[in-house]
Amino acid sequence: MRLAGALVVVSLCAFTCTSSNPTANVSPRTSPSSASHGETSPSSSTGGGTASPSSSPSSSAPASPTGAALAITSLPFHGGEVGIGYGVVNLGAGGGTPPYSWSISGGSLPAGLSLSGGGQVSGTPGAAGQPSFTVMVTDSAGGTATGPGSIKIASALAVSQPCANQCSVEEGCTICGNFGAVSGGQGPFTYTITNDNRPPGMGVSGLSLTGAFPPPAGGIGQFSLTVRVRDAYGAQQTDTANWYVFSHISFPGGSIPSCSWLGCTVRFTYSGGTPGGKVSVSVVIATYSQTCIARVNCPPPLHTVSGAAANGVVTITVTNNLKGNAAWGSNGWTGTLTVVLTDSSPCGPGYC
């Protein structure tokens with residue numbers, strides 16, 4: 001023990017004697033957390049990387065005739081996250097006249113953390129940020145030494161759950177599998193499936209399904225998945241997703257046997273598409289032929305054709321815009337209508 005003590009004194013003295021600066025110049029060591037972090041899972045959590053002091057500690061007291069000057073030897077601060085117990089760190093000092101007393105002489109520790117007189121930093125971070133501060137150690141002879149510090153506290157771990165209630169997805173969709181996003185916390189993150197009823201043939205990557213949603217069996221496909229997200233500091237969040245897979249929209253069309261020159265309304269059925277989704281209809285007159293009793297060239301059809309769709313029914317309306325034009329009389333025109341149904345819901349065919 002005495003021999004080891006003598007070696008330390010000689011080493012420090014040699015450093016002091018060869019330095020042009022009379023103050024101690026021992027740089028503190030920084031390291032990632034060597035203490036275990038709290039495993040309690042709050043509603044949210046955050047994390048941060050190791051923060052290193054920005055400059056070397058300094059001493060206000062010269063070396064005593066019998067020993068080295070007081071100096072800070074270790075400021076092993078590490079990152080933390082809101083709501084997770086900060087792994088206790090012990091600050092180190094040497095030289096001077098023990099015992100030592102520790103304090104913050106400038107700036108402040110992150111909210112929720114404190115420094116004890118014995119040199120321990122502990123607590124539970126309460127706010128995100130990366131404040132800077134100055135640590136001071138005082139020995140029993142009144143000598144002091146200071147060193148800079150900074151601790152990064154990340155924001156709370158949170159997971160969005162857009163499909164917690166239900167996401168309606170069209171069969172065959174390959175870009176509708178995202179069911180959450182991580183914010184805050186400290187990586188790396190791990191993902192553990194705790195309830196697996198995903199669509200057959202689809203994989204999982206983080207908080208996304210991969211592959212194509214399969215056709216619904218019997219017209220109905222309901223699936224669910226629960227994933228637990230854990231960050232580097234032990235914070236946990238759970239993401240639950242539910243899907244309803246529906247069939248492609250299908251519209252067989254049909255014919256209008258006859259329509260009065262005054263106009264008419266005809267209804268057709270369609271199937272599939274987003275349940276309860278908004279379906280828009282566009283109608284164009286693709287082809288037509290005509291007969292008329294005009295003494296001059298016949299005008300084109302003056303009827304307006306429009307459509308609407310809801311609850312599995314497409315309504316086609318032909319409106320008379322002849323306005324007394326005698327060219328048509330009791331004759332009329334024959335043509336082909338092209339009707340396009342568009343499922344305009346977020347996961348309809350226009351998106352998926």
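The A111 and T315 beta-carbon pair, evaluated with R₀ = 56 Å, returns a calculated FRET efficiency of approximately 0.35.
Measuring max minus min along each principal axis, the C-alpha atoms of the range 188-272 give extents of 76, 24, 16 Å (largest first). Between T334 and S282, the FRET efficiency from the beta-carbon distance, with R0 = 25 Å, is close to 0.70.
Charge tally for Y244 (other residues, Cβ to Cβ under 12 Å; Lys, Arg +1; Asp, Glu -1): -2.
Could you tell me what percent of the accessible area of the range 90-157 is made up of carbon and sulfur, with a 1.4 Å probe and every protein chain present? On the range 90-157, the fraction of accessible area on carbon and sulfur atoms equals 50 percent. Residues whose amide H falls under 5 Å from that of L157, counting only those 5 or more places apart or on a different chain, are S45, T46, G185, with hydrogens built in the peptide plane.
Extension gain, I193 to S306: 0.36 nm times the residue separation minus the Cα-Cα distance gives 35.7 nm. Ligands, DNA and RNA left out, the accessible area of the range 172-294 computed with a 1.4 Å probe is 52% carbon and sulfur. If R0 is 45 Å, the Cβ-Cβ spacing of T97 and R228 corresponds to a FRET efficiency of close to 0.30. Close amide-amide hydrogen proximity is noted between Q222 and V245, each under 5 Å apart and 5 or more residues distant or on a separate chain (H modeled in the peptide plane; Pro and chain starts excluded). 3J(HN,Hα) along the range 199-207: x, x, x, 9, x, 10, 10, x, 10 Hz, from the Karplus curve 6.51 cos²θ - 1.76 cosθ + 1.60 with θ = phi - 60°, whole Hz, x for Gly and Pro.
The values are calculated or read from the model by the stated rules, or taken from the named source; none is laboratory data. Predicted model, so just to flag it, every value in this text is computed and none were measured. When we count neighbours, we look across all protein chains shown, and the Cβ atoms used for this are built from the backbone with ideal geometry, even at glycine. In case anyone asks, the SASA skips ligands and DNA or RNA and just uses the protein heavy atoms, side chains included. Shrake-Rupley method; radii C 1.70, N 1.55, O 1.52, S 1.80 Å.
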